[in-house]
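Accompanying notes for the structure given below.
The values are calculated or read from the model by the stated rules, or taken from the named source; none is laboratory data. Computed from a predicted structure; not experimentally measured. With ideal geometry, Cβ positions are generated from the backbone for all residues, glycine too; neighbour counts draw on all protein chains shown.
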Ligand SMILES: *Cc1c(COP(=O)(O)O)cnc(C)c1O
């Protein structure tokens, strides 16, 4: 396979330092040294997420969807009733998970151009839901939801708040404490820019208590086992050891750099790209956007053609879009080891393509 420059949201363009960690022999992991590394990872993650000290992190060897499913079945049961913000394919994934596991739910359905507002919450006020499932950034459309607004709604209605921050983590400001989040789901291949395969669920103290009382019908995904093992920095099964090491290196780097510095790097690349495309014949949706990606919509159905042109002739990979938006849009990511010059090249290619 060719080597590509990745403007994709995950896997993202990996940092050279991560590549050199990947190059080392994967060590045996039932050791004090590896336990210490895992405990350090949890501590760094708590710090970056601004989580309470009594929160706990579950490390799962699974992609983000595995962590979404595991979170839902460990935090809720058939006796619950959930409200799902469903504004794209990732919101729909929560619906599918609840359907499969027979957990009752209702949805707030958003169209591809519809911003989530207070108005969407009104009909569900005082409706006895036990929890809300939402993305922070619905990667399918690019919309960034107002988690503070959802938190206030959950607070006044006595609901737990589960947020999939997979495509927002390390791209947009996040505070587990201030946003009152009870479970935050993260995955290795997005903002962290590591290899895919590892996911993390940060649980608040009240969610941990719920998990401990819940009878989960799963061997691999039973959080109770992870909670017991993680006290000593271990997991019940063999984790993706290599990615745990990549994570440790990346978290040390972010810790040295400072979270705000990392966030502003992503934001600067994002603003730079949006500035460059301002006078191109493309549309950027006007609902609130994450800094992780820019959803670019064309006026004609040329997205697939453009994607293939970049991939085959320029060895550049942008994010295609599935479903109804597919042939009219691409998404350009701002995470990863990219600089302004990389965006100059991409935009030059966009211009050349439009003139073809
Ligand atoms: C990428 C992503 C996921 C996880 O997808 P996987 O392919 O299972 O890793 C979940 N939610 C959102 C919002 C995402 O962007």
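Exactly one residue out of 71, 31 is touching a strand residue (DSSP E or B) at 6+ places or on another chain (Cβ under 7 Å) and at pLDDT 95 or above: that is 71. Here residue 246 meets each of (1) within 16 Å of the ligand (Cβ to nearest atom); (2) assigned to a helix (DSSP H, G or I); (3) in contact with a strand residue (DSSP E or B) (Cβ under 8 Å, 6 or more places away or on another chain) with one exception, condition (3). In the set 48, 84, only one residue is over 30 Å from residue 100 (Cβ atoms) and either free of Cβ contacts under 8 Å to residues at least 60 places away in the same chain or assigned to a helix (DSSP H, G or I) (or both); that residue is 48.
Note on the range 1-35: residues that are more than 17 Å from residue 320 (Cβ to Cβ) and within 16 Å of the ligand (Cβ to nearest atom) total 1. Restricting to the range 51-68, and then to whatever is within 16 Å of the ligand (Cβ to nearest atom) and assigned to a strand (DSSP E or B), can you tell me which residue is nearest to residue 147 (Cα to Cα)? Ranking the candidates gives 58 first. Residues in the range 299-328 that are more than 25 Å from the chain's Cα centre (by Cα) and modelled with pLDDT of 90 or more: 305, 306, 308, 309, 310, 312, 313, 314, 315. Is there a residue in the range 305-321 that is assigned to a loop (DSSP other than H, G, I, E, B) and more than 26 Å from residue 16 (Cβ to Cβ)? Within the range 305-321, one or more residues are assigned to a loop (DSSP other than H, G, I, E, B) and more than 26 Å from residue 16 (Cβ to Cβ). Just wondering, is there one or more residues in the range 31-41 that are touching a residue at least 24 places away in the same chain (Cβ under 8 Å), surrounded by 21 or more Cβ atoms within 10 Å (Cβ to Cβ) and under 19 Å from the mean Cα position of the chain (by Cα)? Yes, the range 31-41 has at least one match. On the basis of being within 16 Å of the ligand (Cβ to nearest atom) and within 12 Å of the chain's Cα centre (by Cα), does residue 162 make the cut? In short, no. Do we have any residue at all in the range 54-75 that's more than 17 Å from the chain's Cα centre (by Cα) and surrounded by fewer than 18 Cβ atoms within 10 Å (Cβ to Cβ)? Checked against the condition, which is being more than 17 Å from the chain's Cα centre (by Cα) and surrounded by fewer than 18 Cβ atoms within 10 Å (Cβ to Cβ), the range 54-75 yields at least one hit.
Of all the listed residues (99, 107, 71), the sole one being farther than 21 Å from residue 10 by Cβ and assigned to a helix (DSSP H, G or I) is 99. Residues in the range 77-102 that are away from the ligand (no atom under 16 Å from the Cβ) and touching a strand residue (DSSP E or B) at 6+ places or on another chain (Cβ under 6 Å): 2 in all.
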